[in-house]
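Below is one structure; the comments refer to it alone.
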Amino acid sequence: MTKIFFDSTSSGSTSSSSTQSSSPAPLPPRSSNSLSGCYGGSDNPIDSNALIALYIQYFSEQPESVVRLLGAGSDREYWRLSSGSRSAIGVIADNREEARAFISLSHIFRENDVNVPQVYAFSPDFSTYLVQDLGSVDLFALLKKEVPVGLLEQCMDSLAAMQTVPEEEWGGKVAFSPFSSRLVNWDLNYFKYEYLKPSGISFSENLLEDDFCRLSEDLVSIPHARLGFMMRDCQSRNVMIAGDVPFWIDFQGGRRGPALYDAVSFIYQARACFPTELRKRLLNRYVASFSKRRDISVEDFMSDLPLLRLFRCLQVLGAYGFRGLVQRRAHFIESIPPALANLSSLLEEGCLDSFPELRRVASALVADSRFVVPSHNGLQVSVFSFSYKKGYPDDFSGNGGGFMFDCRALHNPGRYEQYKSLTGLDLPVIEFLEERGEVSPFLDACSALVIPAIERYIKRGFTSLQIGFGCTGGQHRSVYCASRMARMIKEKFPEVSVVEIHREQGKEVRR
């Protein structure tokens, strides 16, 4: 039998200990929130059956519904288990040290009146655990409909309360070492290797490393009085709203560090796009709340702001590069343009002036045309030419690509000496392809697929469609076909923004 641990102060056998998934289970008295053990469970591989065993042990009944929930940035698995009025969220941990930290920290924060979910039960190896179901409304989703200023201000107060819990209570429970130059260098290299280098922008390794060293020295020199529990991934997606109360749900990566970093992460979250005045209001609310709990001057605390904004922006771009450009997760690809907008603001405000090589590459990154947000509000169609030898074109819309047409069955002008130095945009190549009579029926067949799709995309309010034409070298046939398709689309749909991109030729035309 496998030992399972649960919170003995909130009996799972009574209907009052849980509720429907639309609202949180009632919280037991803070002062008696101790953890003890019982026996039961399953020796099966880690899957939903292990969570069902936890549920049965805690609630004394079989769940009627077990539904896997969509994940986001982590590799943890989330499941909602429910039966009648009893509901809980089951978690299968990808990192057991982080799971152990979450379970311990949840207990500590709740004892200090910080709104975090209650842990109901957990396996002794921390591979699975069961937590309070806070419903299905996260703050980020709410922000798409309205800007709940009151809730945001509650978040700032709650964040300050979490960060100022005495370190002697949580210091031995975290999974990670304190904020240090090693941590800073990891994040800076994350940015360099996962975002900067894949961008193709040239830079001096030595000069950039000099800037990184200066940035790291400045960050680790922040005085101890301005440190606290640093959640590290403080953002609206990690706040659940239950009964008009915000709950923090993702703090297992926390450690001692600059407290203001979390407020910066929340207030300057790329996808949240808070207006400047609201950012100032929330920042003032947070600093005032933190200062009340710590004997620290507002001026000293705020002096860290430019440095931490820069560091967070670079760390976020590294994450977006890995999760978006490498792992192809749509949410992270879509987050790149607003993250670059944050970097652009930092440039304009002079926050990078002390780091000349970093400032130079940042200027190049914000000018990257692949992530320029279209000025129009309708559909943008990107038409590529490419070489199959170099792979399909990247999709930076987050939609996963679109139509790809193979031009290699068409007769290749590149086989003839007089056309080798030309492209599909040059008149001799155009005449060669059109005179043979193959290309027009090919493009007619392509258009028969593309035109109805565009019509449907416009009706449904979609904003992005990608079309690619590939050939052997990406020089003649694909270039001609992409150019002709782009012109045809613009003529038939003048309201659509059309971008014609010849990848191997390094040419881009906006129509």
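Here are the numbers for the structure shown:
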| item | result |
| --- | --- |
| Test result for SER440, small (Gly, Ala, Ser) and in contact (Cβ under 8 Å) with a residue 40 or more places away in the chain | no |
| Index of the failed condition, ASP295 passing every other in (1) in a loop (DSSP other than H, G, I, E, B); (2) modelled with pLDDT of 95 or more; (3) charged (D, E, K, R) | (2) |
| Test set (1) more than 22 Å from LEU325 (Cα to Cα); (2) modelled with pLDDT under 95; (3) assigned to a loop (DSSP other than H, G, I, E, B) - LEU410 fails condition number | (2) |
| Residue in the stretch 57-73 that is crowded, with 22+ Cβ neighbours inside 10 Å, in a strand (DSSP E or B) and not aromatic (Phe, Trp, Tyr) present | no |
| Single residue of VAL450, VAL429, VAL439 found to be among the aliphatic types (A, V, I, L, M) and in contact with a strand residue (DSSP E or B) (Cβ under 7 Å, 6 or more places away or on another chain) | VAL450 |
| Every pair of residues 6+ apart whose Cβ atoms lie under 7 Å, when the first sits in the stretch 79-97 and is free of Cβ contacts under 8 Å to residues at least 60 places away in the same chain and within 17 Å of ASP47 (Cα to Cα) while the second is part of a helix (DSSP H, G or I) and open to solvent by 10 Å² or more (accessible area, probe 1.4 Å) | TRP79/SER48; LEU81/ILE52 |
| Matching option when the condition is over 19 Å from the mean Cα position of the chain (by Cα) and open to solvent by less than 10 Å² (accessible area, probe 1.4 Å), among VAL264, VAL239, VAL245, VAL287 | VAL287 |
| GLU435, sole failed condition from (1) modelled with pLDDT of 95 or more; (2) over 34 Å from the mean Cα position of the chain (by Cα) | (1) |
| Leading residue by the ranking (farthest from ARG370 (Cα to Cα)) among those in the stretch 187-202 that are hydrophobic (A, V, I, L, M, F, W, C) and modelled with pLDDT of 95 or more | LEU188 |
| Flag if ALA99 is out of contact with any Lys or Arg (no Cβ under 6 Å at 6 or more places or on another chain) and assigned to a strand (DSSP E or B) | no |
| Selection count, the stretch 74-83, where residues are open to solvent by 10 Å² or more (accessible area, probe 1.4 Å) and touching a Pro at 6+ places or on another chain (Cβ under 8 Å) | 1 |
| Filtered residues of the stretch 267-298 (kept if without any contact (Cβ under 8 Å) to a residue 12 or more places away in the chain and either touching a Pro at 6+ places or on another chain (Cβ under 7 Å) or β-branched (Val, Ile, Thr) (or both)) | THR276, VAL298 |
| Residues satisfying the stated conditions in the stretch 105-116, i.e. of a type outside the set (A, V, I, L, M) and in contact with a Phe, Trp or Tyr (Cβ under 6 Å, 6 or more places away or on another chain) | ASN115 |
| Qualifying residue in the stretch 143-162 (condition: of a type in the set (A, V, I, L, M, F, W, C), over 28 Å from PHE274 (Cβ atoms), in contact with a Lys or Arg (Cβ under 8 Å, 6 or more places away or on another chain) and open to solvent by less than 30 Å² (accessible area, probe 1.4 Å)) | no |
| Scope the stretch 319-359; condition among the acidic types (Asp, Glu) and within 20 Å of GLN269 (Cβ to Cβ); matching residues | GLU334, GLU348, GLU349 |
| Number of positions in the stretch 484-506 that are touching a residue at least 12 places away in the same chain (Cβ under 8 Å), open to solvent by 10 Å² or more (accessible area, probe 1.4 Å) and not in a loop (DSSP other than H, G, I, E, B) | 10 |
| Enumerated helices (runs of 4 or more DSSP H) restricted to the stretch 299-403, each holding at least 2 residues that are open to solvent by 50 Å² or more (accessible area, probe 1.4 Å) and in contact (Cβ under 8 Å) with a residue 24 or more places away in the chain | 330-348, 356-366 |
| Filter result for the condition that a residue is open to solvent by less than 10 Å² (accessible area, probe 1.4 Å) and over 22 Å from LEU283 (Cα atoms), over ARG86, ARG110, ARG100 | ARG110 |
| Residues located in the stretch 113-142, provided they are open to solvent by 30 Å² or more (accessible area, probe 1.4 Å) and more than 22 Å from the chain's Cα centre (by Cα) | ASP113, ASN115, PRO124, ASP125, PHE126 |
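The values are calculated or read from the model by the stated rules, or taken from the named source; none is laboratory data. Please read all numbers here as calculations on a predicted model, not as lab measurements. Here Cβ is always computed from backbone atoms with ideal geometry, including for glycine, and neighbour counts include all displayed protein chains. The accessibility values were calculated without ligands, DNA or RNA, using every heavy atom of the protein model including side chains. Shrake-Rupley method; radii C 1.70, N 1.55, O 1.52, S 1.80 Å.
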